[in-house]
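Peer 1: Take this structure, written in structure tokens, and hold onto it; I'll ask about it next.
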Amino acid sequence: AGGIERHGYDVIVIGAGGSGLRAAIAAHESGAKVAVVCKSLLGKAHTVMAEGGCAAAMGNLYPDDNWQVHFRDTMRGGKMLNNWRMAQLHAQEAPERVMELEDWGALFDRTDDGLISQRDFGGHRYARLAHIGDRTGLEIIRTLQQRLVALGIDVFMECTVTDLFKSGDQISGAFAYWRETGRFVVFEAPSVVLATGGIGKSFKVTSNSWEYTGDGHALALRAGATLINMEFVQFHPTGMVWPPSVKGLLVTESVRGDGGILRNSEGKRFMFDYIPDFFKKETADTEEEADRWYEDKKNNRRPPELLPRDEVARAINSEIKAGRGSPHGGIFLDIASRRSPEFIKRRLPSMYHQFKELADVDITAEPMEIGPTCHYVMGGVEVDPETEVSVVAGLYAVGECSGGMHGSNRLGGNSLSDLIVFGKRAGDAAAAHAGGLGSSRPGVSDEEVAAAQRSALAPFEVQGGENPYTIQQDLQQTMNDLVGIIRVAAELESALGEIQKLKERAAHMTVEGHRQYNPGWHLSIDLRNMLLVSECIAKAALARQESRGGHTRDDFPGPDPEWGGKNLVLRLDSTGTGVDLSEQPLPVMPDELKKFFEEE
Ligand code: FAD
């Protein structure tokens, strides 16, 4: 293993989205020597695509808003399966983290009296999303990146991590390759923060881009950490359905927050037919009340278009299945007939351009066609709420690749806030862990480096096998068809059978060419992760015999109180290529927090 590029740090952060950057800044400010490693260019993480905003109970528009209400909304949105302590810390600390972004130069939209403006989103009782037009994520990343650069934190970009190193039961570093040259890099570090984002690329229709292959989830499993909540995948109700080249691309929830409504092919505003009992008390039951709400939120209840995402996605799915869909197999999202062209262009500039340029649709004049798209994974690495450390010493996880915070369903706007709240906590803790080790740091052995290298190069050794693209396509189709929005036991079982076959095919895939910029090789490495994570999702979805949040079982409709007290935990099995599943009781919420739910 001689001759490989080597670097030593206190803390390595894998991923340059909002959570990774926030963690890196915190670790640096705690005195650690830090590097950020990211698979694509700096500034090209999913966080950039976040349009709607960042949830924080600042009370700028509604003085009645506070962390308790935000906590309650988050738990209700997650159908009480959230780690209560994470939901509490998140609600308490989000306002402070948003103000800090402002101190660092983020230019949030303003209220008339100069406070940070707050926008309405599904599942939030009060308007509480701090935003910058529909480009909130871009401004947050710009701000964090500027600070990262000003602090002089090292960045390794277009550098993909393929394995983690361990010494005994402690993390000791990471192994990566440069996309451009295919050459390997070894990072030695006693603290590693996973901030790799989502898993969407395992599904055919998704709002996620190419990087999101569940790498952090799989790296954690292979290092001995556990995953929870993996059966809960969020299908965003509104993705573009046409043209085919952009199928799945996100249409922000702000369209509905700002007045857009859903109609079927008969012109009916159908969401009133899909209000579940759980949300009846706080949802308008007439169009008149729903429409009044935009102007007078105190005296009216919210429109049903703003129910949590899982409810809206299922309703759209049912309308399409019942034959009341739009010409390209979606449903209509109409803001044109409800708001002036000036309003739409001012509030939703990116959406206006997205539809104009990609679909030749003018959203100020005609309705959009939309349908559900795989968007976000609630499941991820099981972590300690205070420090974000996994069950493996030195291994931390934050942002979308961590689990627990969002329970069975994430509310819109609660991801950007999650990133900055837990990013800071993980960075602080990772720096403290590294600092506390003194000179007794775990090392990386040559044997481990050689093994990581062999494993990365394995696809070059096979002759005449299948190429990774066909395996990826078959996996995406399987996940979409058999592990999608509506699930049943027989289909989940056959998905697991398919995944097993795909794993066997992947063991014999061939990569052509050399290590210099070779996307086929990169995919072959990603595919290992996608297959492992897909198995986790299908296995947990089969085991959970109830419907809750993002997980809907046609054969077990409705939530089951017994399942409401349990998490499903996944860990690598003894073969090292599959996963074992077990049940674990949820942490018990203290009485002083339980009281927020007592009236229910
Ligand atoms: P990401 O921002 O996803 O970044 C992951 C990083 O990890 C990237 O830098 C990537 O290159 C890197 N990486 C991955 N694998 C590897 C590897 N093996 N080696 C090295 N680097 C790796 N949330 C909200 O709260 N409000 C919104 O309005 C909103 N809108 C959204 C709109 C869209 C279109 C999408 C896709 C998501 C939206 N979300 C929104 C969700 C939110 O943006 C994401 O959940 C969040 O940004 C994830 O941040 P993260 O820090 O976890 O990771």
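Peer 1: Exactly one of (1) closer than 27 Å to ARG135 by Cα; (2) surrounded by 15 or more Cβ atoms within 10 Å (Cβ to Cβ) is unmet by GLU342. Its number?
Peer 2: Status for GLU342: all satisfied but (2).
Peer 1: Looking for whichever is more than 30 Å from ARG309 (Cα to Cα), more than 13 Å from the ligand (Cβ to nearest atom), assigned to a helix (DSSP H, G or I) and more than 21 Å from the chain's Cα centre (by Cα) here; the options are VAL186, VAL149. Which one fits?
Peer 2: On inspection, the qualifying residue turns out to be VAL149.
Peer 1: Restricting attention to region 356-404, which residues are of a type in the set (A, V, I, L, M, F, W, C) and farther than 26 Å from VAL233 by Cα?
Peer 2: The initial filter retains those residues of region 356-404 that are of a type in the set (A, V, I, L, M, F, W, C), namely 358-359, 361, 363, 365, 368, 370, 374, 377-378, 381, 383, 389, 391-393, 395, 397-398, 401.
Answer for region 356-404, where residues must be of a type in the set (A, V, I, L, M, F, W, C) and farther than 26 Å from VAL233 by Cα: LEU358, ALA359, VAL361, ILE363, ALA365, ALA393.
Peer 1: Out of the residues in region 564-600 that are of a type in the set (Asp, Glu) and surrounded by 11 or more Cβ atoms within 10 Å (Cβ to Cβ), which is nearest to PHE71 (Cα to Cα)?
Peer 2: This residue is GLU583.
Peer 1: Still on this model: Could you please let me know if GLY257 is at pLDDT 95 or above, surrounded by 24 or more Cβ atoms within 10 Å (Cβ to Cβ), within 13 Å of the ligand (Cβ to nearest atom) and closer than 24 Å to VAL312 by Cα?
Peer 2: On the way: at pLDDT 95 or above: no; surrounded by 24 or more Cβ atoms within 10 Å (Cβ to Cβ): yes; within 13 Å of the ligand (Cβ to nearest atom): yes; closer than 24 Å to VAL312 by Cα: yes.
The answer is no for GLY257.
Peer 1: Any residue in region 323-332 that is under 19 Å from PRO237 (Cα atoms) and in contact with a helix residue (DSSP H, G or I) (Cβ under 6 Å, 6 or more places away or on another chain)?
Peer 2: Scanning region 323-332, I find at least one residue that is under 19 Å from PRO237 (Cα atoms) and in contact with a helix residue (DSSP H, G or I) (Cβ under 6 Å, 6 or more places away or on another chain), so the answer is yes.
Peer 1: In this structure, is GLU512 in contact with a Gly (Cβ under 7 Å, 6 or more places away or on another chain), modelled with pLDDT under 95 and not β-branched (Val, Ile, Thr)? Walk me through it before giving the result.
Peer 2: Values: in contact with a Gly (Cβ under 7 Å, 6 or more places away or on another chain): yes; modelled with pLDDT under 95: yes; not β-branched (Val, Ile, Thr): yes.
So GLU512 fits the description; yes.
Peer 1: Residue check: is ALA174 more than 10 Å from the ligand (Cβ to nearest atom), crowded, with 24+ Cβ neighbours inside 10 Å and either within 29 Å of ASN83 (Cα to Cα) or modelled with pLDDT under 95 (or both)?
Peer 2: Criteria not met by ALA174.
Peer 1: For region 175-209, enumerate the residues that are among the hydrophobic types (A, V, I, L, M, F, W, C) and over 13 Å from THR160 (Cα atoms).
Peer 2: Scanning region 175-209 gives ALA189, VAL192, VAL193, ILE199, PHE203, VAL205.
Peer 1: Only residues that are within 12 Å of the ligand (Cβ to nearest atom) and surrounded by fewer than 24 Cβ atoms within 10 Å (Cβ to Cβ): list them for region 529-545, please.
Peer 2: Across region 529-545, the qualifying residue is only ASN529.
Peer 1: Here are some conditions: (1) over 21 Å from GLN118 (Cβ atoms); (2) in contact with a Lys or Arg (Cβ under 7 Å, 6 or more places away or on another chain). PRO341 meets all but one. Which one does it not meet?
Peer 2: The one condition PRO341 does not meet is (2).
Peer 1: Quick one: how many residues across region 12-21 are more than 6 Å from the ligand (Cβ to nearest atom) and under 18 Å from LEU395 (Cβ atoms)?
Peer 2: So the count comes out to 2.
Residues checked against (1) of a type outside the set (Lys, Arg); (2) under 19 Å from GLY413 (Cβ atoms); (3) within 18 Å of the chain's Cα centre (by Cα):
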| position | (1), (2), (3) |
| --- | --- |
| ARG22 | no, yes, yes |
| ALA27 | yes, no, no |
| GLY31 | yes, no, no |
| CYS38 | yes, no, yes |
| GLY43 | yes, no, yes |
| THR47 | yes, yes, yes |
| GLY52 | yes, yes, yes |
| ALA55 | yes, yes, yes |
| TYR62 | yes, yes, no |
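Peer 1: Okay, next question. Return yes or no: is VAL193 farther than 20 Å from ARG425 by Cα and among the hydrophobic types (A, V, I, L, M, F, W, C)? Reasoning before the result, please.
Peer 2: On the way: farther than 20 Å from ARG425 by Cα: no; among the hydrophobic types (A, V, I, L, M, F, W, C): yes.
For VAL193, the condition - farther than 20 Å from ARG425 by Cα and among the hydrophobic types (A, V, I, L, M, F, W, C) - is not met.
Peer 1: Please go through region 52-91 and give me each residue that is polar (S, T, N, Q), more than 23 Å from GLY114 (Cα to Cα) and more than 16 Å from the ligand (Cβ to nearest atom), ordered by number.
Peer 2: GLN68, ASN83, GLN88
Peer 1: Condition check: farther than 30 Å from ARG515 by Cβ, small (Gly, Ala, Ser), out of contact with any helix residue (DSSP H, G or I) (no Cβ under 9 Å at 6 or more places or on another chain) and in contact (Cβ under 8 Å) with a residue 60 or more places away in the chain. Does GLY435 satisfy that?
Peer 2: yes
Peer 1: Got a number for residues in region 327-351 being modelled with pLDDT of 95 or more and of a type in the set (Ser, Thr, Tyr)?
Peer 2: Residues meeting the conditions: 2.
Peer 1: Out of (1) more than 15 Å from the ligand (Cβ to nearest atom); (2) closer than 30 Å to VAL192 by Cβ; (3) of a type in the set (S, T, N, Q), what's the single condition that is false for THR47?
Peer 2: (1)
Peer 1: Of the residues that sit in region 398-416 and are touching an Asp or Glu at 6+ places or on another chain (Cβ under 9 Å) and aliphatic (A, V, I, L, M), which one is farthest from GLY77 (Cα to Cα)?
Peer 2: Result: VAL398.
The values are calculated or read from the model by the stated rules, or taken from the named source; none is laboratory data. This one's a predicted model, so the numbers in the text were calculated from it and none came from an experiment. Reconstructed Cβ throughout: ideal geometry from the backbone, glycine too, with neighbour counts over all protein chains shown.
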